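The values are calculated or read from the model by the stated rules, or taken from the named source; none is laboratory data. Note that the structure is a prediction, hence the values are computed from the model and not measured. Cβ atoms come from the backbone with ideal geometry, glycine included; neighbour counts cover every protein chain shown. Accessible surface is based on the protein model in full, side chains and every heavy atom, while ligands, DNA and RNA are left aside. Shrake-Rupley method; radii C 1.70, N 1.55, O 1.52, S 1.80 Å.
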Amino acid sequence: MNNKLSIIIAATVVVIIGIIVAVVVSGGGETDPGPEPDRSSGFNSISDGAASLTETDAASMLENAVGKVKITSKAPSKAAISFDEIDAAVELPPIDNAYPVVVEPSRKDIVIEVWTSPEKGGTGVESWMRDMAEEFNNADQSVNGRSVGVRLRSISSGTQLDYIIPSVAVPDAISPSASLWADMLQSEGIRTECINPRIVGNVAGVLISNSTMDTLAETYGKADIKAIVSATEAGTITAGYTNPFASTSGLNFLAATLYNYDSTNPLSETAVNGFNAFQYNVPFVAFNTMQMRDAAERNTFTSMILEYQTYYNTPDLKNNYEFIPYGVRHDNPLYTIGNLNEERKDAVKLFNDYCMTDKAQQAAASYGFNQLDDYVSDMPATDGKTWIQIQKLWKKQKNAAKPIAAVFVLDTSGSMAGEPLKLLKNSLTNSLRYINSDNYIGVISYGTDVNVDLSIAQFDINHQSYFQGAVDGLMANGTTATYSAVAKAVQMLNEFMETNADVQPMIFLLSDGQSNGKASYDSISPALKYYQIPVYTIGYNESIPELETIAELNEAACINATTDDVIYKLKNLFNANL
């Protein structure tokens, strides 16, 4: 990995704060903060013995793990910090590596490149447009006597914009999940032309259990998006949604929430105040809807936000959840991008016509599209500039009501010497610009023993300077006391929350591999499960199963820092929470 890539990765490491799957959970977990939360409820599994633990048992496990090593509290030192902006275009991975072509025509005179959202550019029941492109390429289509083919990439709607706006990569046409993304492109000065406002129909919705449906209807008169928002604010259910910078469902849900508080202006003070009250009871924000689908398949959550096409194709969901539609329709429009010549534009239109044949639309219906044609959105028309302002409002306000308290646990064992530690330090240095100053940050480093490099405090300009000083002072040596270090981080967070209960605690473990310290995963996992503090992990090694295990314990996630697209992944995950 070259130095330039190391610096860029640096810009986004803390992004991991947002990986947790977005859900709307009824009746599980806690909604009201307090000094003595009931941490023993809501577990997905009790195989690790966590359900039978007492507070004393859990605290004893942590103390035992911490007691196996020497703990040193270092005197903090300041260092200069920089907030020079990083070109967003540079952070994007090469498109051929991160989003390879899924359909490539052969020996065609005219090849048009089309980007489609993943629910129709994947495999199985999510392969409709992929199937259409392959069939089209085999059907001897032509314009002006010249053969035409389609090159197809599967890219989430928000990511399409990230490539197109800075001209990093520009296709001939796009088919995002909803028209709102094209509206945003237009507001950024990108020329688009709508070829078809609906190529296949779809709708976003909230999935809730039958019992929750009945409760909402009884309490609010009707189980709809307004009832869900009201119940979330009241703390009777816990709502969540996907990252509105990448996910159509997430941005749509965010807008529906804001309009719920002010039906004429989603950016008004009334809407913002209402959103803050709502957001207070939102613990998780997911990277995308696919992540939520995977969580549903693991039976982790009782309800979630999803598109109807996915709901339609998942029998367990249809059997156990009701679907409540919300927001604008997801009708998968088709747009040309930029100043295409007439021949290329005609080629895009030819592909559109192929997708609109009776045979193609019947195939779409069999894949779960075109199912809720009677749903009409009651959301006011929203222009591209407003959609962008909604995103910016969310980024600013999402942690206003309940900030994050995070401890970074940094592996400085001997195996991290050289490039891994350099990459880790660069990552943390550049991550400063992305951490909201309202959050609370602490730092632990570890090798054979454990150092408390920085106590948890508000991440203001003064604490940022101490954070940089702690990073600059990192040195690699010793063995790998991972679990003693994690146990110490949990203790720090618990102590901090005794006087700062209204925060979301998180741990970020950056390591290159397996622990070889005295404390083990088994010795602390019941306590980790008891306290329900998620441990997000970044692995500086391609083989990181141990890091995956600890991340999965409390529904966090493990990021492989050696993948080509890690820069962009981490940036988007950062947008989800921190």
Grab the beta carbon distance between E548 and D358, set R0 = 60 Å, and tell me the FRET efficiency rounded to 0.05. 0.85
First select every other residue whose beta carbon is under 12 angstrom from the beta carbon of Y354; then total the charges, Lys and Arg +1, Asp and Glu -1. -4
Simple spin-label model, 7 Å along Cα-to-Cβ: D502 to S106 in nm? 6.5
From the protein chains alone at 1.4 Å, what is the descending order of accessible area for R433, R153, R146, R191, largest first? R191, R146, R433, R153
Compute the accessible area per residue over the stretch 387-475, keeping the other protein chains in place, probe 1.4 Å, unit Å². 31
Between beta-carbons, use under 11 Å as the cut-off and find the net charge around Y446, counting Lys and Arg +1, Asp and Glu -1. -1
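Take the alpha carbon atoms of the stretch 424-464, find their radius of gyration, then divide it by 2.2 N^0.38 Å using N residues; give the quotient.
Dividing the Cα Rg of the stretch 424-464 by 2.2 N^0.38 Å gives 1.24.
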Provide the per residue accessible area, probe 1.4 Å, for the stretch 162-292, rounded to a whole number of square angstrom. 33
Sorting D411, D522 on solvent-accessible surface, 1.4 Å probe, most exposed first, gives D522, D411
Round to the nearest 0.05 the FRET efficiency obtained for K74 and S366 when R0 = 41 Å and r is the Cβ-Cβ distance. 0.05
Under 5 Å from the placed amide H of L454, counting only residues 5+ away or on other chains, we find V443
Backbone HN-Hα couplings from phi across the stretch 456-468 [Karplus 6.51/-1.76/1.60, Hz, Gly and Pro as x]: 6, 7, 4, 7, 7, 4, 5, 5, 4, 5, 5, 4, 5
Out of residues 5 or more away from G478 or on other chains, whose amide H comes under 5 Å of its own, with H placed 1.01 Å from N in the peptide plane? G414
Straight distance only, please: which lysines reach the Cα of K318 with their own Cα at less than 25 Å, same-chain residues fewer than 8 apart left out? K120, K222, K226
Jot down the per residue volume, in cubic angstrom and as a whole number, of the convex hull over the alpha-carbon atoms of the stretch 121-231. 160
Two pseudo-spin positions, 7 Å from Cα along C-beta at A139 and at S268, lie apart in nanometres by 4.8
In terms of modelled amide H atoms, which long-range or inter-chain residues lie less than 5 Å from the amide H of R198? L334
Along each of its three principal axes, how wide is the spread of alpha-carbon positions in the stretch 151-206, in whole angstrom units, largest first? 33, 24, 24
Rounded to a whole number, what % of the accessible area of the stretch 437-517 do carbon and sulfur atoms account for, probe 1.4 Å? 43
How large is the accessible surface of Y261 in square angstrom, using a 1.4 angstrom probe and rounding to the nearest 10? 50
